[in-house]
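Step one of this worksheet: look at the structure below.
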Amino acid sequence: MLATTDLLEGLENFFDEARLGFDLREGTLWNPAKTRLCLLSTDFLSGVYAAVKDEAGPAWPVIFKTCGRIWGERIMRRLEREAQTVGNLQLREMPVTMFLRFFREYFVYHGWGLMTIDVAQARETGIVVATLEDSIFAEIIRDEEDFSDPLIAGILAGMMSHISGHELDCVQTECISRGAEASRFVVTGAARLRGIDEKIKSGMTHEEVVASV
């Protein structure tokens with residue numbers, strides 16, 4: 001296992017914005033691992049939301065979450081390869097605190113917001129709590145019936161399922177667009193979260209969700 005100083009250096013290399021590459025003539029942008037990137041504005045994301053809701057109606061959160069889950073699994077597979085290539089980092093061998101820092105830096109690096117993962121209850125209860133401040137989706141999606149971050153919930157479920165080797169799911173329990181200070185999520189075994197979305201819509205609080213699952 002790498003020493004802490006080596007891990008920190010690896011993280012700095014992986015998320016070093018100075019190492020982003022671009023070619024204005026070709027119209028390309030890539031990260032330090034040479035994966036091509038695409039910058040998306042809030043106007044674009046707002047348009048995607050409006051189009052999906054127009055076509056799918058109240059099913060839009062399900063579509064967003066499903067897309068997020070598939071995306072999250074692919075993100076994690078790619079990150080394992082890229083972290084080894086760029087930073088000489090083995091994600092599965094990282095100390096928990098360092099892995100959580102990697103997770104946070106990834107969200108910040110891509111402009112999704114500031115993600116904090118709380119694993120204090122994970123060993124005893126199998127529950128992970130995630131908090132996202134300044135969520136980009138809460139900024140652009142103001143839905144009367146649903147929370148703004150189903151894509152993030154899907155991404156969290158996909159990423160954590162892949163890295164843990166277990167089938168996990170994620171529900172959003174609080175949302176910035178509804179007046180909360182941050183968007184909050186609960187991640188645990190998929191079977192434990194069945195039917196919980198409707199209870200949250202009926203008024204179940206974050207603390208009640210954590211206690212009930």
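The values are calculated or read from the model by the stated rules, or taken from the named source; none is laboratory data. As the structure is a prediction and not an experimental result, all values here were calculated from the model. Cβ coordinates were reconstructed from backbone atoms using ideal geometry, including for glycine residues, and neighbour counts include every protein chain displayed.
Details
- Residue under evaluation Asn88, criteria (1) at pLDDT 85 or above; (2) surrounded by fewer than 20 Cβ atoms within 10 Å (Cβ to Cβ), criterion not met: (1)
- The lone exception for Asp143 - which of (1) out of contact with any strand residue (DSSP E or B) (no Cβ under 7 Å at 6 or more places or on another chain); (2) over 25 Å from Leu45 (Cβ atoms) it fails: (2)
- Residue check for Gly27: at positive phi and crowded, with 18+ Cβ neighbours inside 10 Å: no
- The strands (runs of 3 or more DSSP E) found wholly in the stretch 99-213 and carrying at least 3 residues that are touching a residue at least 60 places away in the same chain (Cβ under 8 Å) occupy 183-189.
- If you go through the stretch 58-82 and keep only what is surrounded by 18 or more Cβ atoms within 10 Å (Cβ to Cβ) and over 17 Å from the mean Cα position of the chain (by Cα), you end up with Trp60, Glu82.
- If you filter the stretch 176-203 down to residues that are farther than 15 Å from Val129 by Cβ and of a type in the set (A, V, I, L, M, F, W, C), you find that the one that is farthest from the chain's Cα centre (by Cα) is Ala191.
- Selection status of Ile196, more than 28 Å from Leu91 (Cβ to Cβ), of a type outside the set (Ser, Thr, Tyr), at pLDDT below 95 and buried (at least 21 other Cβ atoms within 10 Å of the Cβ): no
- Among the residues listed as Gly47, Gly72, the single one being closer than 23 Å to Arg184 by Cβ and modelled with pLDDT of 90 or more: Gly72
- Residue list for the stretch 109-134, filter: surrounded by 14 or more Cβ atoms within 10 Å (Cβ to Cβ) and β-branched (Val, Ile, Thr): Thr116, Ile117, Val119, Ile127, Val128, Val129, Thr131
- Exactly one residue among Gln172, Gln121 is more than 30 Å from Asp16 (Cβ to Cβ), within 12 Å of the chain's Cα centre (by Cα) and not β-branched (Val, Ile, Thr), and that residue is Gln172.
- Condition broken by Leu132, with the remaining ones in (1) closer than 23 Å to Arg74 by Cβ; (2) in contact with a Cys (Cβ under 9 Å, 6 or more places away or on another chain) satisfied: (2)
- Cross-chain or 6+ apart pairs with Cβ under 7 Å, the stretch 28-50 first and in contact (Cβ under 8 Å) with a residue 12 or more places away in the chain, then exposed (fewer than 14 other Cβ atoms within 10 Å of the Cβ) and in a loop (DSSP other than H, G, I, E, B): Asn31/Leu20
- Close contacts from the stretch 1-27, counting a first residue that is modelled with pLDDT under 70 and a second that is among the aromatic types (Phe, Trp, Tyr) and surrounded by 14 or more Cβ atoms within 10 Å (Cβ to Cβ), with Cβ to Cβ under 7 Å and a gap of 6+ residues or different chains, come to Leu11/Phe102.
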